[in-house]
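What follows is a short report on a single structure.
The values are calculated or read from the model by the stated rules, or taken from the named source; none is laboratory data. None of these values were measured; they are calculated from a predicted model. All Cβ positions, glycine included, derive from the backbone under ideal geometry; neighbour counts span all protein chains shown. Areas reflect the complete protein model, heavy atoms only, side chains present, ligands, DNA and RNA absent. Shrake-Rupley method; radii C 1.70, N 1.55, O 1.52, S 1.80 Å.
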Amino acid sequence: QVQLLESGGGLVQAGGSLRLSCAASGGTFYTNTMGWFRQAPGKEREFVAAMTWTGGYTSYSDSVKGRFTISRDGAKNAVYLQMNSLKPEDTAVYYCAARKYSYSENAASYDYWGQGTQVTVSS
């Protein structure tokens, strides 16, 4: 029903910034939750940030709090992840995800996933 497409990944120096975009199509989900997750080689997929479409509530993992910002553009059915003060530890494939029901930071509870975009931070 819902298709998600991430973009904006790339290579950046430590301390730099990058902005990821997620375009949503195939259905409306204004009552749903949108999230960003990331997965590095050999590691499990981990929560980065999430927000609700209608309430504007946002949450972040401790590792990115104060550096990353999640936002949305309802008219464009898009969500964004502004990443500042990037560290080599942030290197991973970043995924956009959507959940139909209540707010969650658990990857297993999300219903739709994008294909991911690579973010590489060099030291």
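Side notes on the structure shown:
- Within the range 20-38, residues that are at negative phi and of a type in the set (D, E, K, R) sit with their Cβ atoms under 8 Å from residues that are at pLDDT 95 or above and not in a strand (DSSP E or B), at 6+ positions apart or across chains, in these pairs: ARG38/ARG45; ARG38/ASP90.
- Residue that is least open to solvent (accessible area, probe 1.4 Å) [pool: residues in the range 64-113 that are in a loop (DSSP other than H, G, I, E, B) and of a type in the set (Gly, Ala, Ser)]: SER104
- Condition check for GLU6: open to solvent by 20 Å² or more (accessible area, probe 1.4 Å), of a type outside the set (Lys, Arg) and closer than 28 Å to SER122 by Cα: no
- Among the residues here, TYR110 qualifies as in contact (Cβ under 8 Å) with a residue 24 or more places away in the chain and of a type in the set (Ser, Thr, Tyr).
- GLU46 vs. criteria open to solvent by 60 Å² or more (accessible area, probe 1.4 Å), under 19 Å from TRP113 (Cβ atoms) and at pLDDT 95 or above: yes
- Between ALA98, ALA78, ALA108, the distinction of being in contact with a Leu (Cβ under 7 Å, 6 or more places away or on another chain) and hydrophobic (A, V, I, L, M, F, W, C) belongs to ALA98 only.
- Only residues that are open to solvent by 10 Å² or more (accessible area, probe 1.4 Å) and in contact with a strand residue (DSSP E or B) (Cβ under 6 Å, 6 or more places away or on another chain) were counted across the range 33-43, and they come to 3.
- Residue satisfying all of: in the range 53-63; in a strand (DSSP E or B) and not small (Gly, Ala, Ser); farthest from THR120 (Cα to Cα) among these: THR58
- Qualifying positions in the range 9-52 - among the charged types (D, E, K, R) and either touching an Asp or Glu at 6+ places or on another chain (Cβ under 9 Å) or assigned to a strand (DSSP E or B) (or both): ARG19, ARG38, GLU46
- Top-ranked residue in the range 49-83 [being among the basic types (Lys, Arg) and at pLDDT below 95; ranked as nearest to SER102 (Cα to Cα)]: ARG72
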